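**Q** Pasting in a structure now, in structure tokens, and then I'll have a few things to ask.
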Amino acid sequence: LHRNAGEPEFHQAAREVLESLGRVVARKPEYSDEALIERICEPERQIIFRVPWIDDNNQVQINRGFRVQFNSALGPYKGGIRFHPSVNVGIIKFLGFEQTFKNALTGLPIGGGKGGSDFDPKGRSDREIMRFCQSFMVELHRHIGEYVDVPAGDIGVGAREIGYMFGMYKRLNNRFEAGVLTGKGLVYGGSRARKEATGFGTAFFLRSMLETRGADPEGMRCVVSGSGNVAIYAMEKIISFGGKVVACSDSAGYIVDENGIDLSLVKQIKEEKRGRISEYAALRGDGCHYVEGGSIWDVPCDVALPCATQNELNGSNAKVLVENGVKAVAEGANMPCTPEAVRLFQDANVLFAPGKAANAGGVATSALEMQQNASRDSWSFAQTESRLEEIMTNIHASCHETAEEYGVPGDYVLGANIAGFVRVADAMRAMGVI
Ligand code: NDP
């Protein structure tokens, strides 16, 4: 603990994985040899840097940039970049740690990393965003590369920001190295279905999980927190499965629409106008209302998909969801449920999918983008989506089977942690003490 003081989110993520590993080590003691577990918990490298930039009022602003290169046993470091005022080294470390096991679960050749900045994009002009992204890349470029570390988007970083960062990387290196970043625009090397991949993947995982109980998403009442990239495309796929999404949110409040969320209106407000979810209620009219603040988890549902941020769903929220008869919870965000919430779901026999399994579709499709870039190819939407679906089905099967193998059927947390760990651990053991 003293080594990672002031990093509660990292402790939380590490504790959850370590709690699952007891069963592996009891059965296969070689996994605790040569400080393997201690090495897995220590990032290979952490970079912290100054990001100076000039705002529209000609004032100099300073932010802090981070890249945590956690583990490269399975491939180049891979993980998103987050721009949010809450970002600090502990948050990026927890995300990088989770990413390592998530990436292993995809079965694709990618290591784990994460990056970001405490920069707050809210209310900033397009020019300010561009100048910030360029300054961020002026430092980051020396630490990344298609065989070294391949960042992507996350909270506050979408195609616009990736475009500005890619432009600056290309200029600094005088090289069109498409595979250095993923989540790129389609015209310069992006992959079809990448934007949709995380949310779609979460819905695919949910469907597989429900299947184990002879159920499916059709007719289910769903609540999805957030209204960003992951939330929007999770809603889209759930709706296409015949589910009814009745609520979504942003950091200021949530909307409830008993007619079922009109996704094209959400997209118009969030993707085109970069507006607030409160605008939805005013435009939609009858049957819909906006609640400022409050908890979206008070809205009764069969399926809850937390798709906003870490620790957004706590023990008391979980209690309400269970009392209201929730049947399944799948984490679209990273670690959105607190440990107490997870325990309550599992004790109540609610199907629960941890983020490192349920939201792995985004990074998996990023790895598919890298494949397309390496072969200078561009796949169709249908081809990419069917690969994504296959990968999510395999991740589900691997978590499910691992949980059974270790004597806790239906425990996807344990299944995901062990299946991801074993893959990283086997590669590290083969490479000696590094
Ligand atoms: P976006 O920035 O597109 O959207 C984030 C959404 O969550 C917004 O609606 C935002 O509201 C809301 N939100 C953010 N912080 C808070 C907060 N503190 N309290 C309440 N709401 C909040 O991000 P993404 O959709 O890309 O990411 C969402 C989650 O999914 C994150 O945990 C991310 O790590 C995870 N994830 C993302 C992947 C991807 O491919 N993008 C891949 C795998 C995981 P507001 O606009 O008001 O801030």
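**Q** Which numbered condition in (1) buried (at least 24 other Cβ atoms within 10 Å of the Cβ); (2) more than 16 Å from PRO306 (Cα to Cα) is the only one that ASN334 fails?
**A** Here ASN334 clears every test but (2).
**Q** Just a yes or no: is a residue in the range 345-365 away from the ligand (no atom under 12 Å from the Cβ), over 25 Å from PHE204 (Cβ atoms), not small (Gly, Ala, Ser) and not assigned by TED's automatic domain parsing to the domain that holds SER278?
**A** no
**Q** May I ask you to say which residue of GLU128, GLU146, GLU161, GLU139 is at negative phi, touching a residue at least 12 places away in the same chain (Cβ under 8 Å), among the charged types (D, E, K, R) and in contact with a Cys (Cβ under 7 Å, 6 or more places away or on another chain)?
**A** After applying the criteria, what remains is GLU161.
**Q** Of the residues that make up the range 131-143, is at least one more than 28 Å from GLU44 (Cα to Cα), more than 16 Å from the ligand (Cβ to nearest atom) and not assigned by TED's automatic domain parsing to the domain that holds ALA234?
**A** yes
**Q** Kindly indicate whether any position in the range 188-195 is surrounded by fewer than 19 Cβ atoms within 10 Å (Cβ to Cβ), out of contact with any Cys (no Cβ under 8 Å at 6 or more places or on another chain) and part of a helix (DSSP H, G or I).
**A** yes
**Q** Quick one: is LYS170 part of a loop (DSSP other than H, G, I, E, B) and more than 11 Å from the ligand (Cβ to nearest atom)?
**A** no
**Q** A follow-up question, please. Answer with yes or no whether GLY79 is closer than 15 Å to GLY153 by Cβ, within 14 Å of the ligand (Cβ to nearest atom) and either in contact (Cβ under 8 Å) with a residue 12 or more places away in the chain or not assigned by TED's automatic domain parsing to the domain that holds PHE205 (or both).
**A** Yes.
**Q** Could you list, ordered by first residue, the pairs with Cβ atoms under 6 Å in which the first is in the range 362-383 and under 18 Å from GLY153 (Cα atoms) and the second is in a helix (DSSP H, G or I) and among the hydrophobic types (A, V, I, L, M, F, W, C), at least 6 apart or interchain?
**A** GLY362/ALA197; ALA364/ILE391; THR365/ALA197; THR365/LEU388; ASN373/ALA178
**Q** Counting only residues that are in contact (Cβ under 8 Å) with a residue 12 or more places away in the chain and buried (at least 20 other Cβ atoms within 10 Å of the Cβ), give me the strands (runs of 3 or more DSSP E) lying completely in the range 196-294 with at least 3 of them.
**A** In the range 196-294, 221-225, 244-250, 253-257 are the strands (runs of 3 or more DSSP E) which contain 3 or more residues that are in contact (Cβ under 8 Å) with a residue 12 or more places away in the chain and buried (at least 20 other Cβ atoms within 10 Å of the Cβ).
**Q** Right, next: Please specify each residue of the range 337-370 satisfying the condition of being surrounded by fewer than 24 Cβ atoms within 10 Å (Cβ to Cβ) and outside any helix (DSSP H, G or I).
**A** Hits for the range 337-370 are THR338, ALA348, ASN349, VAL350, LEU351.
**Q** Take the range 84-100 and flag every residue that is surrounded by fewer than 24 Cβ atoms within 10 Å (Cβ to Cβ) and either in contact with a strand residue (DSSP E or B) (Cβ under 7 Å, 6 or more places away or on another chain) or more than 16 Å from GLY6 (Cβ to Cβ) (or both).
**A** Residues satisfying the conditions are HIS84, PRO85, VAL89.
**Q** Filter the range 304-336 for residues that are part of a strand (DSSP E or B) and within 16 Å of the ligand (Cβ to nearest atom) and give the result.
**A** Of everything in the range 304-336, those that are part of a strand (DSSP E or B) and within 16 Å of the ligand (Cβ to nearest atom) turn out to be ALA304, LEU305, PRO306, LEU313, VAL329, ALA330.
The values are calculated or read from the model by the stated rules, or taken from the named source; none is laboratory data. Values in this document were obtained by computation on a predicted structure and should not be read as measured data. Cβ sites come from the backbone with ideal geometry, for glycine too, and all protein chains shown count toward neighbours.
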